[in-house]
Structure formats: structure tokens, C-alpha cells
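Below is one structure, written out as C-alpha cells; the observations come after it.
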Amino acid sequence: MSSARDDILGRIRGKLGADKRDASEQAVAERLKRTGPQPGQNPIPARGQLAAPERLALFREMAEAVDATVAVVGSLDDVPTSVTGYLAENNLPAEAVMSPDARMDEIPWADQPLLTLRRGRAEDADAVGITPVNAAIAETGTLMMTSGAETPVTLNFMPDTHIAIVQASQIVGTYEETWGELRGRTPRDGDGNFMPRAVNWVTGPSRSADIAKTLFLGAHGPRRLHIVVVDDNDEKT
Amino acid sequence: MKPTSRAFKQNAHEALGDKNLQEALSDLEGGFVQGRLNAVNKLPEFDQLRDAGRDIKHHVLENLDVYLEIFEEKVVANGGQVHWCRSPEDARQKVLELCRSIDAKTVTKGKSMIGEEMDLNHFLEGHAVEPIETDFGEYIIQLADERPSHIIAPAIHKTKEQVADLFHEHHQKYGKSARLEEPRDMLDEAREILRPKYIEADVGITGANFMIAETGSTVIVTNEGNGDLTQTLAKMHIALATPEKIVPTLDDATTLLRILARSATGQEMSVYTTFSSGNKRPDDLDGPASYHVVILDNGRTDMVGGDFNDMLTCIKCGACLMHCPVWTAIGGHAYGWVYPGPMGSVLTPNLVGLEEACHLPNASTFCGRCQEICPQKIPLPRMLRKHRENAFTARLGPPQERMGIALWAWLAKRPALYRLATSLATGALRLMAGKRGSLKSVPLAGGWTHSRNMPTPQGGTFMQQIKAKRRAGGAP
Amino acid sequence: MKVAMFVTCLVDLFRPSVGFAALKLLEDAGCTVYVPEAQTCCGQPAYNSGARDEAKAIARQVIEAFEEYEAVIAPSGSCTGMISHHYPALFEGDEIWGPRAEALAAKTFELVSYLTDQLGVEAVTAAYQGEVTYHDACSGLRELGIRDQPRKLLASVDGLNLSEAPERDVCCGFGGTFSAKYGEVSGAIVTAKTAALGSTGATTVLGGDLGCLVNIAGRLQREGSPISVRHIAEVLAGMTDTPAIGASDAEDGS
């Protein structure tokens, strides 16, 4: 008696034609090589394909259009004041849980000694989470985060306020560029498996319109998404 | 889930008389329809993306078994498992087995239409596992013990007052006694109640918008973040999927994601799009210890390469429902099963049988608006007509209707007899009407005259008159 | 141009004056119009009911009766769509009837769009006093792309003021046999349509498809509405001395 797996796959091949299996395998192998923005691949919107300063401007516009707030600062040194300023403006306590990620260590948090920071994953009591990003996509104002030992994803979802620290150089025009970067990473194993457990695209704070079709922010995920962009681009570009 | 599609006419009758439902369904044009149009107008490449999306899915279907095998390999390489299930009964049994393997007591759920197909919640409850819906719309209908009425907005048929009543009744046990008025407050209360559930849950079950063969990933799309909390905080993540959800690469998924939210809700991108690939890695600080993909067939593989192949390219955006004059008049429950509206009317007969679901492909005006806006350009009216052809051949449906059509066609092939019969019929209507311009009731036309008059024919057919004129010397 | 008119069963049986209006418009534009005797129905009721063989039999009759003419004109988007879109689909793969269906499809046109797109008619000399709104029939709109052409010609009608209804591209609920089989649902849809049309303040509704118009007129009559419903050909040809659709002789609405 055949297994459900054999049954299901067998029925599919029966419909497609057993004699076409070899050609299929070849077509699939070729297709799976088709990755990244090249001619003849899927169409990619022109919208995000801009020079760096325009990309930043577009990213900001798109992120604000989905109710994220964006603050642009000139250097990593400016980040701590920007963050404490944001928390104060929103009557939030000056404490947060932060990614253990080494990129966060480059920020001089000690400049704001009243800001209490814990490194680790989020717990239910955490009101504010601070994370780096893997990339930011100008096309739709989207943040891309990847899971990892230093980037627990609970920080993106559990605290009511999510503060993301973005380097302007991390802002790309299209999602396809981010996949290219991931594929270029050292594979976990000999079979070229490069994906982290989770890749999150976050476009604005959490929302729902399920009750009487009225839109509200802060469903299950964060009610506030604040993005601090460190504009380290060369002014003259 | 047991279908009640045979009772479509009765269901529709009740839906039309349901004041709450009619109120809830009003002004979807201004909301979803206009929203989609605005989003489409902002993206010049939208139509090209639709073509690309359709081509991606057609390519996948032509090579579906190969892609599924590769997907499974990749899932296993990521430490996960794939479970193949022929029927909804097998699938829910498998889910129960997985829950029992870690002695699960509670299960949080993200929205999954496949879960509805297998009637998962009732089944789990019957086996001492408590399912908790976390998507607000699903949460609302779980409290009401109802089915979703739309594939992405499950509680769209509920008014604000109805939701307030449900919360008031069911939140007492959490110590909440006030009946809330404002949706904002209801949202906050539901969030507060559901947050601890995520943390306590043993298993988190989500759907899967896409399965990516390149990486063995499942993708979910939410606005609330409930799908992410569901899969991240539980010890086990189960993703429910069906075979046709495969896409080849991350780039292909991206193309389809560009047209999904725009079509579904008019958003540029849903708030949360998550690509899940396997178990928690050894150094990860959070994430599920185990990851399972349950692939349910339930009749889909029978559609591959056949007359309804194109239906398998559907990405479940729900736009066709919002644009359908029939769905917007009666809502989703009238269709009697999991999938309503145009896509449901094509899919359901394939999954539960044409005899059970015969009304669905018939209850359409073929206005074509669904095909016009479908992100995948699925030829829905053509497939609805195909169901009608199959039904006609199988002699399903009322015999009077088949006889009526057969009679009309028989006459139409015989012009002289046709002219005779039709002048008699129109003459009769004129007699009945007398001096009136229209008739309030006409024998055999109760369906029409229920809410309309029947305009009286002018008298004398065109063909009679033109023949007389031209015989009397009026050109060619 | 030697054209043949496919009068359509609804015009033939319910409202011959539309056929004569179409005749006048075509002749005024310089056509010689033939009316082949052997026409009855385009076969759409059978086709949409799933009676494919019956539909093909009727289609063969239509093809035979009309294929010799330079062009075939019908005062209906839905019948035109049946011939120009669905006949080729019906005979796909048929070596004999396939090419014949394709040939006929290529030269079959809806009346108003034929006048504007093929014959270059830019204006008519008719007059019609009134606030008018225009209903776009689904097949004409979606299968044939008819939207601007009727409006172009209506703009040239002396005294006519056109307002656009909200939800213009939403179906009126006719759908052929749907209106009888699912009468209650159809009734709900046409009720929404008459509300949308009425919200313009128009006193006349025009359209290019008699099925839709009979449906809308029937609902308006049931509502006791004074709004008149006519086929656009009647107005463009200046032939509005007959009672409007569903109106009695006593209530001649012109």
C-alpha cells in the first residue's frame, strides 16, 4: 500500500505525464538558478531604484505613510539621544530590551546613563525593544530582520514599541538585493542552506481593521514602530 | 467541514434578510475596491507583475511534483518535517498526533483556510486540545462559533455591536464586566486577553501563503503580527499548506508578494511578511524547537493539467469576493463551505463535488469583474461555465431548467417555428398587460417578478416588421 | 459598406424600435443594411447554461447566415461578445468551423462602437432634452472595451446632459438566466443599481444592452420611479416617440 506521499506525488506525475519527468527535472534545475535581478527575470519596479540620497528619502516617505516614525541622525553618536528623546516624547519609560548584536555595541549608549538596557530576547514585561536591521527596502518602507544568535525575533513582535536602528547604507531599493546578500552568506552546511530560521519583513506598526472595518494600530505586534536612520552617506554624493 | 451549498438559495434568502449582515456588507466599494485601485495606480509595473505571477504559477504546476520533492528536502535540511495528507480527516489526525507528541494542551492559531477545510478547531477540542484563534477576525468568529465569511476578512459580516456583545459575553471569565463601545477598546481588550495565550501555548499553527522550493521556507502574511507570535513563542510550529502553494525561489515569492497585499487590501505590503525555514537553530535565543509542514491534497492534485488547472494559480487574495456583485449582496456564509465568491465557486465543486456544490457556479452573472481584477488573471467565468457544462451533461440541477434551454435551442434552430412560438408568447404577454407598460406578475417567471416588473413587449417582432417593410419595397 | 444586422432576440421580441433605430443609424452613416432571414438567437442562453452542443448548433446557423457579409452589427454588447469572443472558443480545434468562426468573429461589431471606431462617426444630429445617465453593460465593457464610444456620441446630442453614476462598472444583476434562477439575489443587485443610477438625478437611463435595460426598467417600475429607460440607439437616432421600456402608452416618457 502506497504512502500518502507516493499517492499525491504519483497522481501529479500521472497528470503531467511520466514521460515528461526528466524534462521537468531539467526545467526545474535551470529555473532554480534564476535568482536575482537580471534581464528576463521577474519585472522589478523602478520605484526604489534610485541613488542613495533619493532612496533614503523614499524609504522615509514610504515608512511614514504606514505610520512608522522616522528620525534621521548624522552619526552613531547621535543615536542614544535620539532614542531617549523619542521615549520621553511618547511618555515611555527609559528602559528597553536590546538585541545582543555587536552592531548595537558600536553605539555609545553610555552617553545616556538613565536609559536602562537589557540585552537578550523579549519577555512579556518588555515595553520597548531596540534592534538593528539586516536591510531596509525603500520600495515600500520595509525593514528586513533575520533571526540569529544575536538577533532574537521576539524583539520585533513582543514589546509595544519597536525601535529599529538603520544605517543609511543599509537602505536598498528592492527586496531582490536583500536576497542576493543572504545567498552570499556562508552556508550553514555543505548543502548551501543559507536561510536563518526566520526572515521578517516589517512594514509599519501592527494594525487591524477587523472590527467594523475601522483601522487601528497595535493589534498583537508593536503599536509603535520608530526608525532611527543614521545617515552616514557622503553628503556630496 | 460539512458543506451546506445545496441550500444556497435558502442561505441567500436568509442573508438578504439579515439586517446586521447587510449593514456590515455596505460600502465595500468605497473601502476595498477603491483601496485596491489606488494601490494599483501607484505602481506602473502592476500589470506586468500580474503576468509574471501567473507565469510563475503555471510553470510550477507543470513541474509540481519535482518542486514538492525539492521543497521537502530543504525543509528536512533545516531540521523540519513534511507530512503528506490525502484528506482533511488525515490532516487533522496528523495535527493531533503532532500535538500529542509533545503533550500539548493549548494551540494558538494564525488564520488558515486549510484549517477550516479540515474543521481543525472542533476536532482538536473534541480531543482535549484547546485551539485559540489569534487573528482578531478569527477570534471574533471563534467566540460566535461561526465560519469565516471572507477568506482574508473572516469577520467582515459582523457589526461593531455584534462584536461588543460577543466580547461582553465571553470576556466575563477574564474578569471583564464592562460592555465596550469603541473598536479601539475592543481591540485592546482582545490583545490583552490573547497575549498570555501565546506564551502558554505548546503548539503554534499557521497557514502558508507560499512554500519556497529554493529554501524550504513557508511564508505567512499578516497585518496584526499574530502569525509571528504564534509560531515564535510556541514549542512547535505547524504550517498548514496545500501542494499548489509552491513557488520556485525567494525572488518568485517576492513578485507574488508585490501583487498580493495590493489586491487584497490595497496596502503596498502587509505589515508582517515572514519567511520561516525550519527549527530554532542551536544558538537562537527564540523560536520553535520543531517545525512541521502539513501538506493537504483534498482534490487539488486531481485538478492539475485539467480544465481547472488555472484555479490552482490562485494566491487567495480575496479580491474577487470584494468585487463580486453576488458575494457583496449575500456575504460568504450563503455559499455553504470554506471558500465563497468567484474563487470559491470554481474551487468548491472540485473539492466537495459538483452535485453538492452545483448552485455555486450557477449563481453568477458572468459580469467578469473577478477576472478583470484577479492578480493572476484567472479565467474565472470560463471555469464557472465549465462547471455548468459538466452539470448539464451530468443532468444535475432542476429538470425544468434543462428542458427550458433545450426547448429554446430547438426553436432557435428552426427560424420559422421560432417566429411562430415567440410571437405567440409575446402576444400573450401583451394581452395580459393590456394598456400597462409592465406586468407585476408573469406565469413561470416568479424569480424575475419577485422584485421587478416585466416590461411589456412592444408588439410585432422586428423580423416580422422588417420583412413586411422590405417586401413592400424598402431596400435591400 | 454592405453590413448585416444581427438584431438579437431581445430586440426582436421585446423592442423592435431599437432595431429600426440601429437601421437608421447605420444607413445614415452610409451602410447598406441586410437583415438575414435565418437569424433567431446567438446561442448565449444555451452556452451559459452549459448546453454546449446546443450552443454550437445555433452558432453554426448564425455563422452560415452571416458569414457572407462584410460586417455584422448587433445593438448589444453581449450578443456581439458571444459571436466575437465565444464562437471561436466554441469551435477551437475544429478544422472546419474554427476558421469560419474566427472569420465571423473578426467582422462582428457592437453598434455604437462600430459607428465610432470603424466608420469614424463623431456626432449625430439628434436632440434629446434631459438629464441622462449611462449604464455600461458588463460584456460590452469587459469583453469589447466599450466605454468611451457611447459617451462620445451622446455628447453630440443636442440638449442632453450626461451625469455619471457611482459604481458604474458594477453589474446590474441581469446575467441572462441568472435573473430568473436566482431572482432574489438578482433583485438585490438591481436594487443597488437603481439606487446608484437614481443618485445622479437623471430622468433617463440609457444603455447599449436590452437585457440590462429591461432588468433595470423592471426594477424602476416596481419602485414606482418616474425614471425612463431607453436603448441608446433610440436617442442617437432621434427615435424616442415610442414609450420608454416598461412605460405604458399613456406615460410616454420622452
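How long are the semi-axes of the equivalent ellipsoid of region C:99-193, taking √(5λ) for every eigenvalue λ of the Cα gyration tensor, in whole Å from largest down?
The three semi-axes for region C:99-193 are 26, 23, 9 Å.
How far apart, in nm, are two points set 7 Å out from the Cα along the Cα-to-Cβ line at residue B:19 and at residue A:95?
5.2 nm
Taking every eigenvalue of the Cα gyration tensor of region B:43-300, multiplying by 5 and rooting it, what semi-axes result, largest first, whole Å? Before the final figure, lay out the partial values.
Details: eigenvalues 183, 104, 55 Å².
With the √(5λ) rule applied to region B:43-300, the semi-axes are 30, 23, 17 Å.
Describe numerically, in nm with one decimal, the distance between label points set 7 Å from Cα along Cα→Cβ at residue A:77 and at residue C:64.
If labels sit at residue A:77 and residue C:64, their model points lie 9.4 nm apart.
When ligands, DNA and RNA are left out and all protein chains stay put, how many square angstrom of accessible area per residue does chain B have with a 1.4 Å probe?
Here the per-residue accessible area is 34 Å².
Compute the angle between helix B:250-264 and the longest alpha-carbon principal axis of chain B, please, reported from 0 to 90 degrees and rounded to the nearest 10.
50 degrees
Could you tell me which of rounded, prolate or oblate describes region C:2-117, using a ≥ b ≥ c as the square roots of the eigenvalues of the alpha-carbon gyration tensor, with rounded for a/c under 1.5 and, failing that, prolate when a/b is larger than b/c and oblate otherwise? Numbers along the way, then the final one.
Details: a/c = 2.03, a/b = 1.49, b/c = 1.36.
It comes out prolate by the Cα gyration axes.
For chain B, what is the largest minus smallest coordinate of the Cα atoms on each principal axis, given in angstrom and ordered from greatest to least?
Cα extents, longest axis first: 96, 55, 44 Å.
For the Cα atoms of chain B, what angle does the longest principal axis make with the long axis of helix B:399-412, in degrees from 0 to 90, nearest 10?
Between the helix axis and the principal axis of chain B, the angle is about 50 degrees.
Give the carbon-plus-sulfur fraction of the accessible surface of the protein assembly as shown in %, rounded to a whole number; probe 1.4 Å, heavy atoms of protein chains only. Present the calculation step by step, with values, prior to reporting the outcome.
On the way: 17690 of 34760 Å².
It is 51 percent, rounded to a whole number.
Can you give the % of DSSP beta bridges in the protein assembly as shown that are antiparallel, to the nearest 5? The partial results should precede the final answer.
Working: 25 of 95 bridges.
So the antiparallel bridges in the protein assembly as shown amount to around 25 percent.
Between residue A:3 and residue C:123, what FRET efficiency comes out of the Förster formula 1/(1 + (r/R0)^6) with R0 = 41 Å and r the beta carbon distance, rounded to 0.05?
Here the calculated transfer efficiency is 0.05.
In degrees, nearest 10, range 0 to 90: what is the angle between the Cα axis of helix B:8-17 and the longest Cα principal axis of chain B?
That works out to roughly 90 degrees.
Between residue B:355 and residue A:103, what is the FRET efficiency for a Förster distance of 60 Å, r being their Cβ-Cβ separation, to the nearest 0.05?
Computed FRET efficiency for residue B:355 and residue A:103: 0.45.
Just to verify a number: what accessible area does residue A:7 come out at with the full protein assembly present, 1.4 Å probe, Å² rounded to tens?
50 Å²
Residues of region B:27-62 with backbone nitrogen within less than 20 Å of a virtual label 7 Å along the Cα-to-Cβ line of residue A:30, please, listed as ranges.
So the set is B:52-62.
Over the Cα atoms of chain C, what is the Rg over Rh ratio if Rh follows Kirkwood?
0.96
Given the protein chains as shown and a 1.4 Å probe, how many square angstrom of residue B:323 are accessible, to the nearest 10?
Roughly 10 Å² of residue B:323 is accessible to a 1.4 Å probe.
Roughly what % antiparallel, to the nearest 5, for the DSSP beta bridges in region A:47-230? Display every interim value, and only then the final one.
Details: 10 of 35 bridges.
Percentage antiparallel, nearest 5: 30.
Would you mind computing the Rg to Rh ratio of region B:108-194 from its alpha-carbon coordinates, Kirkwood style for Rh?
Rg/Rh: 0.96.
Could you compute how much accessible area chains B and A hide from each other, both sides summed, with a 1.4 Å probe? Nearest 100 Å² is fine.
Its buried surface, counting both partners, is about 7600 Å².
Given contacts defined as C-alpha pairs under 8 Å and at least six residues apart, what's the relative contact order of region B:24-174, whole-number percent?
Reported as a whole number, the value is 17 percent.
Could you tell me the center-to-center distance, by alpha carbons, between region B:349-397 and region B:399-476 in angstrom?
29 Å
Distance check, please: which entries in B:176/B:197; B:160/B:316; B:377/C:56; A:15/B:316; B:105/B:197; B:280/B:316 exceed 19 angstrom between their Cα atoms?
Values: B:176/B:197 17 Å; B:160/B:316 26 Å; B:377/C:56 27 Å; A:15/B:316 24 Å; B:105/B:197 11 Å; B:280/B:316 29 Å.
Violating the 19 Å limit, Cα to Cα: B:160/B:316; B:377/C:56; A:15/B:316; B:280/B:316.
By accessible area of protein heavy atoms, probe 1.4 Å, what ranking do B:335, B:174 get, highest first?
Ranked from most to least accessible, the order is B:174, B:335.
Separation between the residue B:420 and residue A:51 pseudo-spin-labels, each 7 Å from Cα along Cα→Cβ, expressed in nm?
Simple spin-label model gives 8.5 nm for this pair.
Using only alpha carbons, build the gyration tensor for region A:105-237 and give me the equivalent ellipsoid semi-axes, biggest first, whole Å.
24, 21, 18
Where the centre of each part is set by its Cα atoms, how far does region B:80-129 sit from region C:71-122, in angstrom?
53 Å
Using a ≥ b ≥ c from the Cα gyration tensor of region B:425-476 (square roots of the eigenvalues), is it rounded, prolate or oblate, where a/c under 1.5 gives rounded and otherwise the larger of a/b and b/c decides, a/b for prolate?
Note, shape of region B:425-476 comes out prolate.
If the rule is a partner Cβ under 4.7 Å, which cysteines in chain B fail it?
B:85, B:99, B:314, B:317, B:324, B:358, B:374, each lacking another Cys Cβ under 4.7 Å.
Using a 1.4 Å probe and counting only protein heavy atoms, arrange B:176, B:440, B:280, B:109 so the residue with the most accessible area comes first.
B:440, B:280, B:176, B:109
Using Cα pairs under 8 angstrom and six or more residues apart, how large is the relative contact order of chain B, in percent? It would help to have the intermediate numbers written out before the result.
Numbers: 780 pairs, mean separation 96.4, N = 476.
The normalised contact order for chain B reaches 20 percent.
What does the extension gain come out to for residue B:7 and residue B:181, with contour length at 0.36 nm per residue minus their alpha carbon separation?
Working: separation 174, 0.36 × 174 = 62.64 nm, distance 3.56 nm.
Additional length available on full extension: 59.1 nm.
Report the antiparallel proportion of the DSSP beta bridges in region B:43-300 as a percent, rounded to a multiple of 5. Show your work: numbers first, answer last.
Details: 8 of 32 bridges.
Among the beta bridges of region B:43-300, antiparallel pairing accounts for roughly 25 percent.
Mind checking the mean number of beta-carbon atoms from other chains within 10 Å of the Cβ atoms in B:215-227?
Values: counts 8, 2, 4, 0, 2, 0, 1, 6, 12, 8, 14, 6, 3.
Partner-chain Cβ atoms within 10 Å, mean over residues of B:215-227: 5.
Measuring from centroid to centroid over Cα atoms, what is the spacing of region B:216-250 and region B:3-63 in Å?
A separation of 22 Å, based on Cα centres.
Give the interface area between chains C and B as buried accessible surface, both sides summed, probe 1.4 Å, in Å² to the nearest 100.
Working: alone 11300 and 23110 Å², together 28600 Å².
Adding both sides of the contact gives about 5800 Å².
P(r) for the protein assembly as shown, please, calculated from all Cα pair distances in 20 Å bins and given in %.
Going out from 0 Å in 20 Å bins, the protein assembly as shown shows 13, 41, 31, 14, 1, 0 percent.
Relative contact order for region A:73-193: what is it in percent, counting Cα pairs under 8 Å that are at least 6 residues apart?
Details: 180 pairs, mean separation 27.7, N = 121.
Worked out over region A:73-193, it gives 23 percent.
Just the accessible area for residue B:469, please: 1.4 Å probe, Å², rounded to the nearest 10?
Roll a 1.4 Å probe over it and residue B:469 shows about 110 Å².
When a/c reaches 1.5 or more, the comparison of a/b and b/c decides; with that in mind, is chain A rounded, prolate or oblate per its Cα gyration tensor?
prolate
List the lysines whose alpha-carbon lies under 19 Å from that of residue C:24, not counting same-chain residues fewer than 8 positions away?
Straight-line reach from residue C:24, under 19 Å: B:467, B:469, C:2, C:152.
Output the residues of region B:12-54 meeting this criterion: accessible area (heavy atoms, 1.4 Å probe) in the chain alone minus accessible area with all protein chains in place is 40 Å² or greater.
Relative to the lone chain, where solvent access is computed with a 1.4 Å probe, region B:12-54 loses at least 40 Å² at B:16, B:29, B:45.
The values are calculated or read from the model by the stated rules, or taken from the named source; none is laboratory data. This is a predicted model, so every value here is computed, not measured. Because the Cβ atoms are built from the backbone with ideal geometry, glycine has one as well, and the counts that use them run over all protein chains shown. These area figures cover heavy atoms from the full protein model, side chains too; ligands, DNA and RNA do not enter into them. Shrake-Rupley method; radii C 1.70, N 1.55, O 1.52, S 1.80 Å.
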